[in-house]
Amino acid sequence: MLDAAHHIWQECLTIIRDNVDKRSYKTWFEPIKPLRLEETPNDRTLTIQVPSRFYYEWLEEHYASLLRKTVTKVMGPSSRLIYDILMERDRPEEKSRHIRLPAKPAGRVTNPPIHQRPYPHGLQQQANLQQSSVPPQTGTGGGTTPHTPHPVNPPPNLSSPFVIPGIRSPKVDSQLNGNYTFDRFIEGDCNRLARSAAWAIAERPSETSFNPFLVYGGVGLGKTHLIQAIGNYAKQHQKIDSILYISSERFTNEFVQSIQYNRVSEFSLFYRQIDLLIVDDIQFFGKKEKTQEEFFHIFNALHQAGKQIILSADRPPKDIVGIEERLLSRFQWGLTADVQPPDLETRIAILQRKAEDDGIQISYDIIEFIAHNITSNIRELEGALIRLLAHSTLRREEIDLSFAKEVLKDLIKEVKVSLGIEEILQIVSHYFQIPEDQVRAKTRKQEVVQARQVAMYFAKQFTKHSLKTIGLHFGGRDHSTVIHGIQSVEGYMETDPKFADTIREIQHKIKIQSRS
Ligand code: ADP
Ligand code: MG
């Protein structure tokens, strides 16, 4: 009967699609699944599954007449529609289960049933809400149905501020930083997918399938910038009443405070009337069970109401520790996109753009110097520019390359792996004033052995060669000799500060050479 149900439902959808706007169709009708069609000589009953009680209520409130007309048209006059509710959004102890509800008789849906919320801090405190019990047991066609809604847990009413008469959305300060715009966000291979998805969402919040949208990646790679850019764009160009950016840390703190001051219901209500919610660094929710639970319900309410949710995390969702599975899986319902460290060209473009925005006069070779040497993090790239600017103002000096090298020397810790074992051997031999071939040979003279071990130590540190390859370069020694050499150097460094200084000096020489 699934095929028949599917077929009938498709016919219904064709009619519905012509009668509701695209966004409502996507939000309220696309998630519906036809389950079965039961036929007797006298009537036909179509059962459809909706994701939650909230869907059911919403459909009944807003689309009952359309549904009734459509079902009657497609299935004939004595037909019935039954909702099967997948109540996954309930409290954890309820787990997910199905209940079945009949559609209400036509004409009786003018007053939406606003049920008491299962939360201890119900919305009923906020307004004179009409409360009613679960909907009547009669179907569209008037017949009774064999299934009754679960009587013990009243359905979770929500959430949706638009169904609360008399409550207007308070004005929400978005907490967005106006500098984080798309215009200032440089696109590169490292962030292309995330950026284009972000752009699509900014142009059509809630209308793409990217809901929620989760951006993840290491620190300083532009997550906060990008997710705020969506908010800033939407604020300017879209008709959205309430946009809110918040870090998960602040969300957590505010939630804890709301518990302390007995204001959880206000907290909860506040978040449920946001149209575009941006939550930064959700890894911080890890192990905070109560906060997670609250967020879970807010998430569901917003998502089901077709509101846009945007999230960021510092790692892929599967690696976030201490977040409940049901929440993790929701985070991945929409689109998950990563941001990676930028490549050289993107780093250069970012630096040029920043210099321009901040009015810093800086030559291309300095930009290139920074971009070559600071590779992992955009925040550090910016930090380098700001430091240059600060020093040049302080010293009233023009920024030239040697000035930049001097000012940034301690920021530039990273070394390219452009040196080979032979060059390292050369630097070390030169430093100890021992000919290279002696370092390679099998001599056991103490100072030669030490120079050899130091060279092995740096070969391991600065090249990607295996221990075996390194051994081969030092007179065909095997890998255990190389390990022994490296360990000896590390041991001496710990016990002999003078030796440690020597090592640092050689390291400095290698770094300089590797950059030239
Ligand atoms: P994250 O949230 O990933 O730690 P941020 O969004 O805070 O990183 O970015 C760090 C800094 O780098 C910010 O000042 C931001 O404006 C800048 N930034 C990051 N990515 C870009 C980019 N693609 N183009 C321009 N600036 C960027
Ligand atoms: Mg951030």
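The values are calculated or read from the model by the stated rules, or taken from the named source; none is laboratory data. Every value quoted in this text rests on a predicted model; they were computed, and no experiment measured them. Please note: Cβ atoms are built from the backbone with ideal geometry, for glycine as well, and neighbour counts cover all protein chains shown. Surface accessibility is based on the protein's heavy atoms, side chains included, excluding ligands, DNA and RNA. Shrake-Rupley method; radii C 1.70, N 1.55, O 1.52, S 1.80 Å.
Near Gln461, within a Cβ-to-Cβ distance under 12 Å, what is the net charge of the other residues, with Lys and Arg +1 and Asp and Glu -1? With Lys, Arg at +1 and Asp, Glu at -1, the net is +2. Label the range 192-338 by shape, choosing from rounded, prolate and oblate, from the square roots a ≥ b ≥ c of the eigenvalues of the Cα gyration tensor; if a/c is under 1.5 it is rounded, and otherwise prolate applies when a/b is larger than b/c, oblate when it is not. Oblate. Using C-alpha pairs under 8 Å with a sequence gap of at least 6, the mean separation divided by the residue count of the range 421-515 gives a relative contact order of 27 percent.
Contact order, relative form, for the range 192-338: 38 percent (alpha carbon pairs under 8 Å, 6 or more residues apart, mean separation divided by residue count). Charged neighbours of Leu226, selected by a Cβ distance under 12 Å, balance to +1 (K, R count +1; D, E count -1). Shape class for the range 421-515: rounded, because the ratio a/c of the largest to smallest gyration tensor axis (alpha-carbon atoms, square roots of eigenvalues) is under 1.5. With a 1.4 Å probe rolled over the protein heavy atoms of all chains, the accessible area of Arg272, Arg184, Arg80 falls in the order Arg184, Arg80, Arg272, largest first.
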